[in-house]
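The values are calculated or read from the model by the stated rules, or taken from the named source; none is laboratory data. Owing to the predicted nature of the structure, the values given are computational and were not obtained by experimental measurement. Because the Cβ atoms are built from the backbone with ideal geometry, glycine has one as well, and the counts that use them run over all protein chains shown.
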Amino acid sequence: MITRRHLLGTASAALAASGVGLPKFSEAEAAIAELTPGVPEGVGSYATMAKLPGKKPLIQLSDRPPNYEAPLEYLRTPITPNDQFYVRYHLSDIPELKAEGYKIAVGGDGANATAEITLDDLKKMPAVEVVAVNQCSGSRRGLSKPHVQGVEWGYGAMGCARWKGAKLKDVLDKVGLKKEAIEVSFNGADGPAVAATPDFIKSIPVWKAIEESTIIAYEMNGVPLPHLNGFPARIIVPGWTGTYWMKHVIAINVLTKPEANFWMNPAYRIPVGKFPLRDRFLSQENAASTPITEMVVNSLITSHRNGDKVKAGKVTVSGMAWDGGYGISSVQVSTDGGKSWSAAKLGEDLGRFAFRPWSFDLSAKKGKNSVMVNATNKLGQSQTAELIFNPAGYHNNVMQNITLTA
Ligand SMILES: Nc1nc2c(c(=O)[nH]1)N[C@H]1C(S)=C(S)[C@@H](COP(=O)(O)O)O[C@H]1N2
Ligand SMILES: [Mo]
(Lines give C-alpha, C1' and ligand atoms only; values in the text may rest on other atoms or scores of the structure.)
(Ligands and ions follow the chains in the order given, each with its own letter.)
Protein backbone atom coordinates (compact mmCIF):
# COMPACT_ATOMS: atom_id res chain seq x y z
CA MET A 1 0.00 0.00 0.00
CA ILE A 2 1.31 3.42 -0.91
CA THR A 3 1.13 5.91 1.92
CA ARG A 4 1.04 9.67 1.81
CA ARG A 5 4.62 9.83 3.02
CA HIS A 6 5.66 7.40 0.32
CA LEU A 7 3.90 9.49 -2.34
CA LEU A 8 5.51 12.72 -1.24
CA GLY A 9 8.84 10.93 -1.27
CA THR A 10 8.28 9.47 -4.72
CA ALA A 11 7.13 12.77 -6.17
CA SER A 12 10.06 14.73 -4.82
CA ALA A 13 12.58 12.02 -5.71
CA ALA A 14 11.25 12.00 -9.27
CA LEU A 15 11.38 15.79 -9.36
CA ALA A 16 14.96 15.79 -8.19
CA ALA A 17 15.91 13.15 -10.75
CA SER A 18 14.34 14.88 -13.71
CA GLY A 19 15.01 18.46 -12.70
CA VAL A 20 11.95 19.97 -14.31
CA GLY A 21 8.55 19.30 -15.76
CA LEU A 22 7.00 17.04 -13.16
CA PRO A 23 3.91 18.15 -11.28
CA LYS A 24 4.48 19.46 -7.77
CA PHE A 25 2.15 18.10 -5.14
CA SER A 26 0.83 20.48 -2.55
CA GLU A 27 0.22 19.08 0.95
CA ALA A 28 -3.52 19.19 0.26
CA GLU A 29 -3.14 17.24 -2.96
CA ALA A 30 -0.86 14.73 -1.37
CA ALA A 31 -3.33 14.27 1.47
CA ILE A 32 -5.92 12.89 -0.96
CA ALA A 33 -3.27 10.66 -2.41
CA GLU A 34 -4.06 7.52 -0.47
CA LEU A 35 -4.50 4.88 -3.08
CA THR A 36 -7.59 2.79 -3.44
CA PRO A 37 -7.45 0.00 -0.90
CA GLY A 38 -7.86 -3.61 -1.88
CA VAL A 39 -5.94 -3.68 -5.15
CA PRO A 40 -3.07 -6.19 -5.37
CA GLU A 41 0.07 -5.38 -3.42
CA GLY A 42 2.04 -5.29 -6.66
CA VAL A 43 -0.03 -2.41 -8.01
CA GLY A 44 1.25 -0.23 -5.20
CA SER A 45 4.74 -0.49 -6.63
CA TYR A 46 3.83 1.35 -9.82
CA ALA A 47 0.55 3.20 -9.16
CA THR A 48 1.14 6.81 -8.24
CA MET A 49 -0.76 10.07 -8.04
CA ALA A 50 -0.04 12.02 -11.20
CA LYS A 51 -1.36 15.06 -13.01
CA LEU A 52 -2.61 15.05 -16.57
CA PRO A 53 -3.15 18.40 -18.33
CA GLY A 54 -6.36 19.99 -17.06
CA LYS A 55 -6.82 17.41 -14.30
CA LYS A 56 -6.31 17.31 -10.57
CA PRO A 57 -4.01 14.46 -9.54
CA LEU A 58 -5.52 11.06 -10.37
CA ILE A 59 -4.25 7.57 -9.61
CA GLN A 60 -2.06 6.66 -12.56
CA LEU A 61 -2.13 2.96 -13.41
CA SER A 62 -0.44 3.43 -16.78
CA ASP A 63 0.62 6.43 -18.83
CA ARG A 64 0.89 4.98 -22.34
CA PRO A 65 -1.98 4.57 -22.91
CA PRO A 66 -3.23 6.92 -20.16
CA ASN A 67 -5.25 5.04 -17.53
CA TYR A 68 -5.96 7.18 -14.47
CA GLU A 69 -8.65 6.54 -11.88
CA ALA A 70 -10.30 8.85 -9.37
CA PRO A 71 -9.51 8.55 -5.67
CA LEU A 72 -12.64 8.02 -3.53
CA GLU A 73 -12.60 11.64 -2.41
CA TYR A 74 -13.47 12.78 -5.95
CA LEU A 75 -16.67 10.73 -5.88
CA ARG A 76 -18.39 12.48 -3.00
CA THR A 77 -20.68 14.58 -5.20
CA PRO A 78 -23.33 13.22 -7.58
CA ILE A 79 -21.71 15.23 -10.39
CA THR A 80 -18.00 14.52 -10.81
CA PRO A 81 -16.15 17.72 -11.78
CA ASN A 82 -14.39 17.51 -15.15
CA ASP A 83 -10.93 17.97 -13.64
CA GLN A 84 -11.56 15.00 -11.32
CA PHE A 85 -13.01 12.68 -13.95
CA TYR A 86 -11.12 9.47 -14.66
CA VAL A 87 -9.36 8.83 -17.96
CA ARG A 88 -9.23 5.56 -19.82
CA TYR A 89 -7.62 4.81 -23.21
CA HIS A 90 -6.65 1.65 -25.04
CA LEU A 91 -4.45 3.40 -27.56
CA SER A 92 -1.48 5.70 -27.03
CA ASP A 93 -1.61 7.90 -30.11
CA ILE A 94 -4.20 10.50 -29.10
CA PRO A 95 -4.30 13.56 -31.37
CA GLU A 96 -5.63 16.83 -29.94
CA LEU A 97 -8.45 17.57 -32.33
CA LYS A 98 -9.59 21.13 -33.06
CA ALA A 99 -13.20 22.21 -33.36
CA GLU A 100 -12.44 23.76 -36.77
CA GLY A 101 -12.29 21.11 -39.42
CA TYR A 102 -13.68 18.40 -37.15
CA LYS A 103 -16.17 16.12 -38.85
CA ILE A 104 -17.78 12.75 -38.38
CA ALA A 105 -18.10 10.49 -41.44
CA VAL A 106 -21.46 8.71 -41.27
CA GLY A 107 -22.23 5.75 -43.55
CA GLY A 108 -21.84 1.98 -43.68
CA ASP A 109 -23.48 -0.80 -45.67
CA GLY A 110 -26.61 -0.54 -43.51
CA ALA A 111 -27.13 3.15 -44.35
CA ASN A 112 -28.94 4.52 -47.41
CA ALA A 113 -26.48 7.37 -47.85
CA THR A 114 -23.34 8.93 -46.42
CA ALA A 115 -22.93 12.27 -44.64
CA GLU A 116 -20.30 14.44 -43.01
CA ILE A 117 -21.34 16.03 -39.75
CA THR A 118 -19.42 18.98 -38.30
CA LEU A 119 -19.46 20.21 -34.72
CA ASP A 120 -21.71 23.10 -35.84
CA ASP A 121 -24.11 20.62 -37.45
CA LEU A 122 -24.32 18.74 -34.13
CA LYS A 123 -24.96 21.96 -32.21
CA LYS A 124 -27.76 22.95 -34.60
CA MET A 125 -29.67 19.73 -33.91
CA PRO A 126 -32.13 19.62 -30.98
CA ALA A 127 -30.00 19.30 -27.84
CA VAL A 128 -30.51 16.60 -25.22
CA GLU A 129 -29.08 16.66 -21.69
CA VAL A 130 -28.60 13.53 -19.63
CA VAL A 131 -26.87 13.00 -16.30
CA ALA A 132 -25.21 9.62 -16.60
CA VAL A 133 -22.59 7.47 -14.93
CA ASN A 134 -19.60 6.56 -17.07
CA GLN A 135 -18.13 3.44 -15.51
CA CYS A 136 -15.39 1.36 -17.06
CA SER A 137 -16.37 -2.29 -17.38
CA GLY A 138 -13.17 -3.12 -15.52
CA SER A 139 -13.66 -0.83 -12.53
CA ARG A 140 -12.65 -2.86 -9.40
CA ARG A 141 -10.90 -5.45 -11.59
CA GLY A 142 -7.91 -5.17 -9.27
CA LEU A 143 -10.05 -6.61 -6.50
CA SER A 144 -10.83 -9.78 -8.46
CA LYS A 145 -9.86 -13.03 -6.77
CA PRO A 146 -8.14 -14.82 -8.40
CA HIS A 147 -6.46 -11.92 -10.18
CA VAL A 148 -7.18 -11.48 -13.86
CA GLN A 149 -5.34 -9.69 -16.65
CA GLY A 150 -5.96 -6.07 -17.54
CA VAL A 151 -5.62 -2.65 -15.93
CA GLU A 152 -5.80 -3.32 -12.18
CA TRP A 153 -8.46 -0.72 -11.46
CA GLY A 154 -9.59 0.01 -7.94
CA TYR A 155 -12.95 1.61 -7.18
CA GLY A 156 -12.52 4.84 -9.12
CA ALA A 157 -12.73 4.00 -12.84
CA MET A 158 -15.99 5.90 -12.97
CA GLY A 159 -17.65 9.28 -12.70
CA CYS A 160 -20.99 10.93 -13.33
CA ALA A 161 -21.51 14.01 -15.49
CA ARG A 162 -24.20 16.05 -17.18
CA TRP A 163 -23.72 15.37 -20.88
CA LYS A 164 -25.21 17.55 -23.60
CA GLY A 165 -25.36 16.77 -27.28
CA ALA A 166 -27.38 15.71 -30.30
CA LYS A 167 -29.36 12.50 -30.42
CA LEU A 168 -27.46 9.78 -32.27
CA LYS A 169 -30.82 8.96 -33.85
CA ASP A 170 -31.01 12.45 -35.41
CA VAL A 171 -27.57 11.95 -36.95
CA LEU A 172 -28.55 8.51 -38.25
CA ASP A 173 -31.71 10.02 -39.75
CA LYS A 174 -29.44 12.10 -42.03
CA VAL A 175 -28.35 8.90 -43.80
CA GLY A 176 -31.38 6.66 -43.21
CA LEU A 177 -31.19 3.03 -42.02
CA LYS A 178 -31.84 0.01 -44.23
CA LYS A 179 -34.12 -2.54 -42.68
CA GLU A 180 -31.25 -5.06 -42.58
CA ALA A 181 -29.24 -2.74 -40.30
CA ILE A 182 -28.34 -4.48 -37.02
CA GLU A 183 -25.49 -2.53 -35.42
CA VAL A 184 -23.98 0.95 -35.39
CA SER A 185 -20.19 1.16 -34.99
CA PHE A 186 -17.97 3.99 -33.78
CA ASN A 187 -14.33 4.84 -34.39
CA GLY A 188 -12.33 7.54 -32.60
CA ALA A 189 -9.41 9.67 -33.80
CA ASP A 190 -6.94 7.91 -31.52
CA GLY A 191 -4.81 5.17 -32.97
CA PRO A 192 -2.41 2.45 -31.90
CA ALA A 193 1.22 3.41 -31.29
CA VAL A 194 2.28 0.05 -32.74
CA ALA A 195 0.68 -1.51 -35.80
CA ALA A 196 0.15 -4.80 -33.96
CA THR A 197 -2.52 -3.22 -31.72
CA PRO A 198 -5.97 -3.29 -33.30
CA ASP A 199 -7.72 0.09 -33.74
CA PHE A 200 -10.41 0.69 -31.10
CA ILE A 201 -13.82 0.29 -32.77
CA LYS A 202 -17.03 -0.47 -30.89
CA SER A 203 -20.59 -1.17 -31.95
CA ILE A 204 -24.01 -1.18 -30.30
CA PRO A 205 -27.27 -2.69 -31.49
CA VAL A 206 -29.51 -0.44 -33.61
CA TRP A 207 -32.24 -0.51 -30.95
CA LYS A 208 -29.83 1.02 -28.42
CA ALA A 209 -28.42 3.49 -30.95
CA ILE A 210 -31.84 5.03 -31.62
CA GLU A 211 -32.90 5.37 -27.98
CA GLU A 212 -33.67 8.96 -27.00
CA SER A 213 -30.90 9.03 -24.39
CA THR A 214 -28.08 7.80 -26.66
CA ILE A 215 -26.32 10.96 -27.75
CA ILE A 216 -23.24 12.43 -29.37
CA ALA A 217 -22.11 14.78 -26.61
CA TYR A 218 -20.10 17.96 -27.11
CA GLU A 219 -20.53 19.30 -23.56
CA MET A 220 -19.66 17.82 -20.18
CA ASN A 221 -20.98 19.64 -17.10
CA GLY A 222 -21.76 22.78 -19.09
CA VAL A 223 -18.47 23.23 -20.91
CA PRO A 224 -16.89 21.68 -24.01
CA LEU A 225 -15.59 18.16 -23.35
CA PRO A 226 -12.06 18.10 -21.93
CA HIS A 227 -9.59 16.74 -24.47
CA LEU A 228 -8.96 13.55 -22.46
CA ASN A 229 -12.70 12.89 -22.12
CA GLY A 230 -13.35 13.06 -25.83
CA PHE A 231 -13.19 16.56 -27.36
CA PRO A 232 -14.78 17.63 -29.70
CA ALA A 233 -17.52 14.99 -29.37
CA ARG A 234 -18.08 11.54 -27.94
CA ILE A 235 -20.79 8.91 -27.84
CA ILE A 236 -22.81 8.62 -24.61
CA VAL A 237 -24.66 5.33 -24.04
CA PRO A 238 -26.40 5.89 -20.70
CA GLY A 239 -26.78 2.73 -18.64
CA TRP A 240 -24.10 0.83 -20.54
CA THR A 241 -20.47 0.56 -19.45
CA GLY A 242 -17.94 3.12 -20.70
CA THR A 243 -16.45 0.94 -23.42
CA TYR A 244 -19.12 2.06 -25.91
CA TRP A 245 -18.71 5.76 -25.10
CA MET A 246 -16.37 6.48 -28.03
CA LYS A 247 -14.27 9.61 -27.55
CA HIS A 248 -13.14 11.91 -30.40
CA VAL A 249 -15.62 10.05 -32.60
CA ILE A 250 -14.77 10.51 -36.30
CA ALA A 251 -16.68 7.66 -37.96
CA ILE A 252 -20.13 6.17 -37.43
CA ASN A 253 -21.09 3.18 -39.56
CA VAL A 254 -24.42 1.41 -39.82
CA LEU A 255 -23.77 -2.31 -40.25
CA THR A 256 -25.75 -5.24 -41.64
CA LYS A 257 -23.23 -7.71 -40.15
CA PRO A 258 -21.87 -7.90 -36.61
CA GLU A 259 -18.73 -5.79 -36.06
CA ALA A 260 -16.03 -8.45 -35.69
CA ASN A 261 -12.88 -6.67 -34.47
CA PHE A 262 -10.84 -7.60 -31.38
CA TRP A 263 -12.58 -5.02 -29.14
CA MET A 264 -15.98 -6.64 -29.73
CA ASN A 265 -14.75 -10.23 -29.60
CA PRO A 266 -12.94 -11.58 -27.61
CA ALA A 267 -12.62 -8.31 -25.62
CA TYR A 268 -15.36 -6.85 -23.45
CA ARG A 269 -17.32 -10.08 -23.07
CA ILE A 270 -18.98 -11.80 -20.14
CA PRO A 271 -20.06 -15.43 -19.84
CA VAL A 272 -23.66 -15.96 -21.00
CA GLY A 273 -26.18 -16.16 -18.17
CA LYS A 274 -23.85 -15.25 -15.29
CA PHE A 275 -25.24 -11.81 -14.56
CA PRO A 276 -28.87 -10.80 -14.02
CA LEU A 277 -28.98 -8.39 -16.96
CA ARG A 278 -31.92 -7.37 -19.09
CA ASP A 279 -30.22 -5.61 -22.01
CA ARG A 280 -28.88 -8.17 -24.46
CA PHE A 281 -26.79 -7.62 -27.56
CA LEU A 282 -28.07 -10.58 -29.57
CA SER A 283 -26.23 -10.02 -32.87
CA GLN A 284 -22.96 -10.45 -30.94
CA GLU A 285 -24.02 -13.26 -28.62
CA ASN A 286 -22.70 -16.82 -28.97
CA ALA A 287 -23.18 -19.95 -26.86
CA ALA A 288 -20.40 -19.04 -24.44
CA SER A 289 -20.12 -15.27 -24.29
CA THR A 290 -21.97 -12.04 -24.85
CA PRO A 291 -20.84 -8.39 -24.91
CA ILE A 292 -21.00 -6.53 -21.64
CA THR A 293 -24.00 -4.17 -21.76
CA GLU A 294 -25.77 -2.43 -18.88
CA MET A 295 -24.04 -1.78 -15.56
CA VAL A 296 -25.05 -3.94 -12.62
CA VAL A 297 -26.58 -2.28 -9.55
CA ASN A 298 -23.80 -1.02 -7.32
CA SER A 299 -22.82 1.36 -4.54
CA LEU A 300 -19.71 2.85 -3.05
CA ILE A 301 -18.86 4.36 0.32
CA THR A 302 -17.00 7.58 -0.47
CA SER A 303 -17.02 9.34 2.91
CA HIS A 304 -14.67 6.87 4.59
CA ARG A 305 -12.10 4.26 3.77
CA ASN A 306 -11.74 0.85 5.27
CA GLY A 307 -9.76 1.23 8.50
CA ASP A 308 -10.52 4.93 9.06
CA LYS A 309 -10.54 6.20 12.64
CA VAL A 310 -13.69 7.96 13.80
CA LYS A 311 -14.98 9.48 17.06
CA ALA A 312 -17.38 7.34 19.06
CA GLY A 313 -20.98 8.53 18.70
CA LYS A 314 -22.79 9.78 15.62
CA VAL A 315 -20.92 9.16 12.37
CA THR A 316 -22.44 9.96 8.99
CA VAL A 317 -21.36 7.50 6.32
CA SER A 318 -22.23 8.42 2.73
CA GLY A 319 -21.60 7.52 -0.86
CA MET A 320 -23.13 6.86 -4.25
CA ALA A 321 -25.40 4.20 -5.74
CA TRP A 322 -26.14 3.57 -9.42
CA ASP A 323 -27.30 0.94 -11.89
CA GLY A 324 -27.90 0.37 -15.59
CA GLY A 325 -30.67 2.94 -15.84
CA TYR A 326 -33.63 1.48 -13.99
CA GLY A 327 -33.04 3.79 -11.05
CA ILE A 328 -32.09 3.18 -7.43
CA SER A 329 -35.02 2.33 -5.17
CA SER A 330 -33.19 1.91 -1.87
CA VAL A 331 -29.81 1.68 -0.20
CA GLN A 332 -29.57 -0.50 2.89
CA VAL A 333 -26.87 -0.36 5.55
CA SER A 334 -25.91 -3.08 8.02
CA THR A 335 -23.72 -2.51 11.08
CA ASP A 336 -23.87 -6.13 12.24
CA GLY A 337 -22.24 -7.90 9.32
CA GLY A 338 -25.46 -8.33 7.33
CA LYS A 339 -27.79 -9.75 10.01
CA SER A 340 -30.04 -6.69 10.03
CA TRP A 341 -30.43 -3.82 7.59
CA SER A 342 -31.69 -0.23 7.82
CA ALA A 343 -32.57 2.14 5.00
CA ALA A 344 -30.09 4.91 4.19
CA LYS A 345 -31.39 8.37 3.31
CA LEU A 346 -31.39 8.93 -0.46
CA GLY A 347 -30.20 12.29 -1.80
CA GLU A 348 -31.03 14.28 -4.91
CA ASP A 349 -32.42 12.32 -7.86
CA LEU A 350 -30.68 13.53 -11.02
CA GLY A 351 -32.32 10.90 -13.20
CA ARG A 352 -32.27 7.16 -13.60
CA PHE A 353 -28.79 7.07 -15.17
CA ALA A 354 -27.13 9.24 -12.51
CA PHE A 355 -25.25 8.61 -9.27
CA ARG A 356 -27.80 8.56 -6.44
CA PRO A 357 -26.23 9.95 -3.27
CA TRP A 358 -27.09 8.23 0.03
CA SER A 359 -26.15 8.78 3.64
CA PHE A 360 -26.57 6.94 6.91
CA ASP A 361 -26.06 8.04 10.52
CA LEU A 362 -24.62 5.32 12.66
CA SER A 363 -23.74 5.38 16.27
CA ALA A 364 -20.12 4.25 16.50
CA LYS A 365 -19.15 2.33 19.59
CA LYS A 366 -15.61 2.21 20.98
CA GLY A 367 -13.56 -0.28 19.03
CA LYS A 368 -14.36 -1.74 15.63
CA ASN A 369 -17.55 -0.86 13.73
CA SER A 370 -18.53 -2.73 10.62
CA VAL A 371 -20.43 -0.90 7.86
CA MET A 372 -21.93 -2.82 4.96
CA VAL A 373 -23.91 -1.29 2.10
CA ASN A 374 -26.30 -2.81 -0.43
CA ALA A 375 -28.18 -0.92 -3.16
CA THR A 376 -31.38 -2.15 -4.81
CA ASN A 377 -32.76 -0.89 -8.11
CA LYS A 378 -36.33 -0.53 -9.36
CA LEU A 379 -36.18 -3.99 -10.96
CA GLY A 380 -35.55 -5.39 -7.47
CA GLN A 381 -31.94 -6.30 -8.25
CA SER A 382 -29.38 -5.98 -5.44
CA GLN A 383 -25.64 -6.27 -5.08
CA THR A 384 -23.96 -9.60 -4.48
CA ALA A 385 -22.28 -10.89 -1.34
CA GLU A 386 -19.79 -13.01 -3.29
CA LEU A 387 -17.87 -12.01 -6.42
CA ILE A 388 -19.38 -13.33 -9.65
CA PHE A 389 -16.02 -14.35 -11.07
CA ASN A 390 -15.42 -13.85 -14.79
CA PRO A 391 -12.13 -13.92 -16.71
CA ALA A 392 -12.04 -10.18 -17.46
CA GLY A 393 -12.96 -9.06 -13.95
CA TYR A 394 -16.07 -7.13 -15.04
CA HIS A 395 -19.21 -6.15 -13.14
CA ASN A 396 -17.77 -6.33 -9.62
CA ASN A 397 -20.70 -5.28 -7.44
CA VAL A 398 -19.78 -7.08 -4.25
CA MET A 399 -21.24 -5.19 -1.27
CA GLN A 400 -18.54 -3.18 0.46
CA ASN A 401 -17.89 -4.03 4.07
CA ILE A 402 -15.60 -1.55 5.80
CA THR A 403 -14.41 -1.27 9.37
CA LEU A 404 -14.31 2.06 11.19
CA THR A 405 -12.42 2.21 14.47
CA ALA A 406 -13.64 4.53 17.20
N1 LIG B 1 -11.53 7.01 -28.67
C2 LIG B 1 -11.62 6.23 -27.58
N3 LIG B 1 -12.77 6.24 -26.89
C4 LIG B 1 -12.91 5.50 -25.78
C5 LIG B 1 -11.87 4.64 -25.35
C6 LIG B 1 -10.67 4.63 -26.09
O7 LIG B 1 -9.71 3.91 -25.79
N8 LIG B 1 -10.57 5.45 -27.21
N9 LIG B 1 -12.05 3.86 -24.22
C10 LIG B 1 -13.43 3.59 -23.82
C11 LIG B 1 -13.53 3.02 -22.48
S12 LIG B 1 -13.13 1.39 -22.33
C13 LIG B 1 -14.01 3.72 -21.42
S14 LIG B 1 -14.23 2.98 -19.92
C15 LIG B 1 -14.36 5.17 -21.54
C16 LIG B 1 -13.69 6.01 -20.48
O17 LIG B 1 -14.12 7.35 -20.58
P18 LIG B 1 -13.27 8.55 -19.98
O19 LIG B 1 -11.84 8.38 -20.39
O20 LIG B 1 -13.89 9.80 -20.47
O21 LIG B 1 -13.40 8.46 -18.48
O22 LIG B 1 -14.02 5.69 -22.81
C23 LIG B 1 -14.32 4.82 -23.89
N24 LIG B 1 -14.09 5.54 -25.13
MO1 LIG C 1 -13.48 0.66 -20.15
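When the residues of segment 236-255 are filtered to those that are near ligand 1 (Cβ under 8 Å from one of its atoms) and on the phi < 0 side of the Ramachandran plot, which remaining residue is surrounded by the most Cβ atoms within 10 Å (Cβ to Cβ)? Even if it seems obvious, please write down each step before you answer.
We begin by selecting, within segment 236-255, every residue near ligand 1 (Cβ under 8 Å from one of its atoms); these are 241-249.
When the remaining residues are screened for being on the phi < 0 side of the Ramachandran plot, the result is 241-247, 249.
Numbers: Thr241: 26, Gly242: 22, Thr243: 23, Tyr244: 22, Trp245: 24, Met246: 28, Lys247: 26, Val249: 23.
That would be Met246.
Got a sec? Which of Val206, Val184, Val175, Val237 is in contact with a Lys or Arg (Cβ under 8 Å, 6 or more places away or on another chain), over 21 Å from Lys98 (Cβ atoms) and of a type in the set (Val, Ile, Thr)? Show your work before the answer.
Values: Val206 fails: in contact with a Lys or Arg (Cβ under 8 Å, 6 or more places away or on another chain); Val184 fails: in contact with a Lys or Arg (Cβ under 8 Å, 6 or more places away or on another chain); Val175 fails: in contact with a Lys or Arg (Cβ under 8 Å, 6 or more places away or on another chain).
The conditions single out Val237.
Tell me yes or no: at least one residue of segment 333-346 is touching a Ser or Thr at 6+ places or on another chain (Cβ under 9 Å), farther than 25 Å from Glu152 by Cβ and free of Cβ contacts under 8 Å to residues at least 12 places away in the same chain.
yes
What are the residues in segment 79-101 that are farther than 18 Å from Val223 by Cβ and either near ligand 1 (Cβ under 10 Å from one of its atoms) or in contact (Cβ under 8 Å) with a residue 60 or more places away in the chain (or both), if any?
Answer for segment 79-101, where residues must be farther than 18 Å from Val223 by Cβ and either near ligand 1 (Cβ under 10 Å from one of its atoms) or in contact (Cβ under 8 Å) with a residue 60 or more places away in the chain (or both): Arg88, Tyr89, His90, Leu91, Ser92, Asp93, Ile94, Pro95.
I'd like the residue in segment 237-276 that is away from ligand 2 (no atom under 14 Å from the Cβ) and under 18 Å from the mean Cα position of the chain (by Cα) and, out of all such residues, is nearest to Leu387 (Cα to Cα).
Only one residue tops the list, namely Gly239.
What pairs come out if I take residues in segment 162-181 that are more than 22 Å from Val223 (Cα to Cα) and pair them with residues that are modelled with pLDDT of 95 or more and assigned to a helix (DSSP H, G or I) whose C-beta lies under 7 Å away, six or more apart or interchain?
Every condition considered, the pairs that remain are Leu172/Ala209; Leu177/Val206; Ala181/Val206.
With (1) more than 30 Å from Lys56 (Cα to Cα); (2) within 16 Å of ligand 2 (Cβ to nearest atom) as the list, and Arg234 as the residue in question, which single condition is left unmet?
(1)
Pick from segment 136-160 the residues that are among the small types (Gly, Ala, Ser) and more than 10 Å from ligand 2 (Cβ to nearest atom): which of them is nearest to the chain's Cα centre (by Cα)? Let's see the steps before the verdict.
Start the filter on segment 136-160 by keeping residues that are among the small types (Gly, Ala, Ser), which leaves 137-139, 142, 144, 150, 154, 156-157, 159.
Narrowing further to those that are more than 10 Å from ligand 2 (Cβ to nearest atom): 142, 144, 154, 156, 159.
Details: Gly142: 15, Ser144: 17, Gly154: 12, Gly156: 8, Gly159: 6 Å.
In this case the residue turns out to be Gly159.
Residues of segment 179-208 being of a type in the set (Phe, Trp, Tyr) and surrounded by fewer than 21 Cβ atoms within 10 Å (Cβ to Cβ), which ones?
Of the residues in segment 179-208, the ones of a type in the set (Phe, Trp, Tyr) are 186, 200, 207.
Scanning segment 179-208 gives a single hit, Trp207.
Can you tell me which residue among Ile94, Ile104, Ile79 is on the phi < 0 side of the Ramachandran plot and in contact with a His (Cβ under 8 Å, 6 or more places away or on another chain)? Full working, then the answer.
Numbers: Ile104 fails: in contact with a His (Cβ under 8 Å, 6 or more places away or on another chain); Ile79 fails: in contact with a His (Cβ under 8 Å, 6 or more places away or on another chain).
After ruling out the rest, the residue left standing is Ile94.
From the residues in segment 107-154 that are modelled with pLDDT of 95 or more and of a type in the set (Val, Ile, Thr), which one is farthest from ligand 1 (Cβ to nearest atom)?
So the residue we want is Thr114.
I'd like to check something: does segment 213-225 contain any residue that is part of a helix (DSSP H, G or I) and in contact (Cβ under 8 Å) with a residue 24 or more places away in the chain?
Pass one, segment 213-225, residues part of a helix (DSSP H, G or I): none.
Scanning segment 213-225 turns up no residue that is part of a helix (DSSP H, G or I) and in contact (Cβ under 8 Å) with a residue 24 or more places away in the chain.
Between a residue in segment 134-151 that is in contact (Cβ under 8 Å) with a residue 12 or more places away in the chain and closer than 11 Å to Asn390 by Cα and any residue that is more than 8 Å from ligand 2 (Cβ to nearest atom) and part of a helix (DSSP H, G or I), which pairs come within a Cβ distance under 7 Å, given they are 6 or more apart or on different chains?
Every condition considered, the pairs that remain are Val148/Arg141.
Could we say that Asn221 is modelled with pLDDT of 95 or more and touching a Pro at 6+ places or on another chain (Cβ under 9 Å) here? Spell out how you get there, then give the answer.
On the way: modelled with pLDDT of 95 or more: yes; touching a Pro at 6+ places or on another chain (Cβ under 9 Å): yes.
Here the answer is yes, as Asn221 does meet what is asked.
For residues in segment 175-193 being charged (D, E, K, R) and more than 16 Å from Ile235 (Cβ to Cβ), which is farthest from ligand 2 (Cβ to nearest atom)?
Of segment 175-193, the ones charged (D, E, K, R) are 178-180, 183, 190.
Subsequent filtering for residues that are more than 16 Å from Ile235 (Cβ to Cβ) retains 178-180.
Numbers: Lys178: 30, Lys179: 32, Glu180: 30 Å.
Selected residue: Lys179.
Return yes when Ala166 is surrounded by 19 or more Cβ atoms within 10 Å (Cβ to Cβ), more than 20 Å from Ile94 (Cβ to Cβ), among the small types (Gly, Ala, Ser) and at pLDDT 95 or above and no when it is not. So that I can check it myself, show each step before the final result.
Details: surrounded by 19 or more Cβ atoms within 10 Å (Cβ to Cβ): yes; more than 20 Å from Ile94 (Cβ to Cβ): yes; among the small types (Gly, Ala, Ser): yes; at pLDDT 95 or above: yes.
Criteria met by Ala166.
Does Pro95 fit the bill of being surrounded by 19 or more Cβ atoms within 10 Å (Cβ to Cβ) and over 15 Å from the mean Cα position of the chain (by Cα)? I'd like the intermediate steps shown before the answer.
On the way: surrounded by 19 or more Cβ atoms within 10 Å (Cβ to Cβ): no; over 15 Å from the mean Cα position of the chain (by Cα): yes.
Against the criterion (surrounded by 19 or more Cβ atoms within 10 Å (Cβ to Cβ) and over 15 Å from the mean Cα position of the chain (by Cα)), Pro95 does not qualify.
Could you tell me which residue of segment 66-93 is nearest to Ala321 (Cα to Cα), considering only residues that are more than 15 Å from ligand 2 (Cβ to nearest atom) and of a type in the set (A, V, I, L, M)?
It comes out as Leu75.
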